[in-house]
1. Find the residue count for the stretch 234-244, including only residues that are surrounded by fewer than 17 Cβ atoms within 10 Å (Cβ to Cβ) and not in a helix (DSSP H, G or I).
2. Just checking, which of Asp127, Asp179, Asp147 is of a type in the set (D, E, K, R), within 30 Å of Glu259 (Cβ to Cβ), open to solvent by 30 Å² or more (accessible area, probe 1.4 Å) and within 16 Å of the ligand (Cβ to nearest atom)?
3. Is it the case that Thr212 is open to solvent by less than 50 Å² (accessible area, probe 1.4 Å), among the polar types (S, T, N, Q), in a strand (DSSP E or B) and away from the ligand (no atom under 12 Å from the Cβ)?
4. Could you tell me how many of the residues in the stretch 261-274 are part of a loop (DSSP other than H, G, I, E, B) and open to solvent by less than 30 Å² (accessible area, probe 1.4 Å)?
5. Take the stretch 165-187 and flag every residue that is assigned to a loop (DSSP other than H, G, I, E, B), without any contact (Cβ under 8 Å) to a residue 40 or more places away in the chain and hydroxyl-bearing (Ser, Thr, Tyr).
6. Confirm whether Asp218 is part of a helix (DSSP H, G or I), more than 13 Å from Val9 (Cβ to Cβ) and within 16 Å of the ligand (Cβ to nearest atom).
7. Given Val109, Val103, which one is open to solvent by 20 Å² or more (accessible area, probe 1.4 Å), touching a strand residue (DSSP E or B) at 6+ places or on another chain (Cβ under 6 Å) and in contact (Cβ under 8 Å) with a residue 24 or more places away in the chain?
8. Just give me the residues in the stretch 150-169 being hydrophobic (A, V, I, L, M, F, W, C) and surrounded by 18 or more Cβ atoms within 10 Å (Cβ to Cβ), in sequence order.
Amino acid sequence: MALAERLFVLQFGAERVSKALSLVGGDPDHHYWEPLSGAVVQTSEGWVLFDTGMSRHNHDAAAVEQVYRGNLPPGPLPGPPWHLPPAPPADRCTWGLPGDPLVGALAGVGLRPADLALAVVSHFHWDHSGGIATLAEAGVPVLVHADELEWARGGRAEFGAGFDAADWTAPGTRWQTVDAETEVAPGVVVLPTPGHTPGHLSLQVELSGTGTWIFPADATDLAQNLLDDVPCGSCAGGTEDDEQQARESLALLLARTRETGARLVPGHDQVAVSAVRHPPGGHR
Ligand SMILES: [Zn+2]
């Protein structure tokens, strides 16, 4: 495979969720903060973004806060405090960089949306796809799995389950789709890893100095998914087939990690994401 040139790990914000969402068998009453993470990769064909965080609109929306909060009363949240930087507020379930979180995260590494050649979105949960409208405005093509787009457009991706139709109906979005493992730019491969959602994608990157990186997004939320070989606890399709696919996707990611000696960065694990925050100039 060709090599990409350099890589920055991004954090757009954070969200406070039940452990049961991230881990089959996780404690539903144990809520903690998880990062909204992504990556941006420089290639010989331009910059490729992976995932976009949540939109400013949804970070500020009472209806979104209510979905996270469920039956919890307003005010400070119960459960463990925030231990690691950044420091989200105690009385909200989501936190994002000021302004447009995607614009802010890119600015942190010296980029603007218009500098991107392509954006890959892992799936349409609003904590991953909230920057699509910003990308559409900047004219950046957005690549998803064909099954994800078809499923979302079919009306089964509901607001109460963390989906916002605004993300896949943004006017002027330049959609691109794949239906198999595909090298989308030199050294950048998308891997279908369905289960969490019907068309979930992970990203594999090959660099000359640090080798293979895998960004599994919600196919591996936490390091604990790998340690216990247990997939993410939420399957949007809700069938046993979806759960089986989630297990197979985790097995594929583990096999690929063994074959390549990859650094696999769980998408919602603050310890893992903080540990690979880039050096100045990015990972090479
Ligand atoms: Zn998700």
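1. Total satisfying the criteria: 2.
2. When all the criteria are applied, what remains is Asp147.
3. Spelling it out, Thr212 is indeed open to solvent by less than 50 Å² (accessible area, probe 1.4 Å), among the polar types (S, T, N, Q), in a strand (DSSP E or B) and away from the ligand (no atom under 12 Å from the Cβ).
4. The qualifying residues number 6.
5. Of everything in the stretch 165-187, just one residue is assigned to a loop (DSSP other than H, G, I, E, B), without any contact (Cβ under 8 Å) to a residue 40 or more places away in the chain and hydroxyl-bearing (Ser, Thr, Tyr), namely Thr169.
6. Judged against the criteria, Asp218 is a match.
7. Val109
8. Residues satisfying the conditions are Trp151, Ala152, Ala157, Phe163, Trp168.
The values are calculated or read from the model by the stated rules, or taken from the named source; none is laboratory data. As the structure is a prediction and not an experimental result, all values here were calculated from the model. Reconstructed Cβ throughout: ideal geometry from the backbone, glycine too, with neighbour counts over all protein chains shown. Surface accessibility is based on the protein's heavy atoms, side chains included, excluding ligands, DNA and RNA. Shrake-Rupley method; radii C 1.70, N 1.55, O 1.52, S 1.80 Å.
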